[in-house]
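As structure tokens, the structure follows; a few thoughts come after it.
A short reminder: the numbers here are calculations on the coordinates, not readings from a lab. Quick caveat, the model's predicted, so the values are computed rather than measured. For neighbour counting, all protein chains shown are included, and Cβ atoms are generated from backbone atoms with ideal geometry for every residue, glycine included.
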Amino acid sequence: MDELLVDKTGFSKEAKEHAMSTVASFEQFLADNKDEIDALRFFYSVPHRDRLHFNDIKALAAAIQAPPRSWTPEKLWHAYELLGKHKVKGAGGKRLLTDIVSLVRFALHQDKELRPYPEVVRERFDRWMAQQANKGRTFSAQQVRWLEMMRDHVATSVEIEVDDFDAAPFVQEGGLGRAHALFGKELPRVIQELNEVLAA
């Protein structure tokens, strides 16, 4: 009777080999397409020339999911987890499209840990808020609420634009008019800062 070889991490040798193959193929795909796909051009250009856009991430997702690869953020995340669980956070959770940002940064060794993108965005936001406080820049409770909504939008969309204020959840809170009332002439600057600080 054949026994499935299982190592001390509880994963079979076959599963580990499949994960190694998936990760190697993914990293090769990134290298092979770094000049072809806008999102990859962004990641490979240091310092970053432009900023990342949601359409770029969608195009990258479509490219990696196209046959014969059929990779999804879940499959890639799981492969990295099999190979180095101590470096992978948020295991087992549902992946967002924006988690591709975290996967690419980790694959290119720009990040030492693979963490869900929303978690990274929240950490950057907290750091930015602390920096603002240190500079003596204060926000009202309502402004903080809107900043947090903008943060959460970036976590799922990689960016925040003025047009986004006409969609949920902003529109339920008064939309662009309310944003202007709260931030006044500072609104464009706040949007620009959040895009620069929170996104990839």
Taking other Cβ within 10 Å of each residue's Cβ, how do Arg122, Arg51 sort, fewest first?
Arg51, Arg122
Counting only residues 5 or more apart in sequence or on a different chain, those whose built amide H sits under 5 Å from that of Leu114 are Val88, Lys89
When only alpha-carbon atoms are used, what values of Rg and Dmax, in angstrom, describe the stretch 13-115?
13.1, 42
If you average the C-alpha positions of the stretch 92-170 and of the stretch 172-192 separately, how far apart do those two centres end up, in angstrom?
17 Å
Given contacts defined as C-alpha pairs under 8 Å and at least six residues apart, what's the relative contact order of the chain, whole-number percent?
19 percent
Final fewest-first order of Thr138, Thr22 on the 10 Å Cβ neighbour count is Thr138, Thr22
Over the Cα atoms of the stretch 143-200, each weighted equally, I'd like the Debye log10 I(q)/I(0) at q = 0.26 Å⁻¹, rounded to two decimals.
-1.13
Sequence gap at least 6, Cα distance under 8 Å: using those rules, report the relative contact order of the stretch 119-198 to the nearest whole percent.
39 percent
Correct semi-axes for the stretch 57-97, from √(5λ) of the alpha-carbon gyration tensor and rounded to whole Å with the largest first, are 21, 11, 7
At 7 Å along Cα-to-Cβ for each site, give me the label-to-label distance between Ala63 and Arg137 in nm.
3.3 nm
Taking Cα atoms, the helix 141-157 axis meets the longest principal axis of the chain at an angle in degrees (rounded to 10) of 30 degrees
Highest GNM mean-square fluctuation, the chain, Cα pairs closer than 10 Å: which of Phe26, Phe42, Phe183?
Phe183
Tell me, rounded to the nearest percent, the portion of alpha carbon pairs in the chain spaced more than 30 Å apart.
31 percent
Through the Karplus equation 6.51 cos²θ - 1.76 cosθ + 1.60, θ set to phi - 60°, convert the phi angles of the stretch 72-80 into ³J(HN,Hα) values in whole Hz; use x for Gly and Pro.
10, x, 4, 5, 5, 4, 5, 4, 5
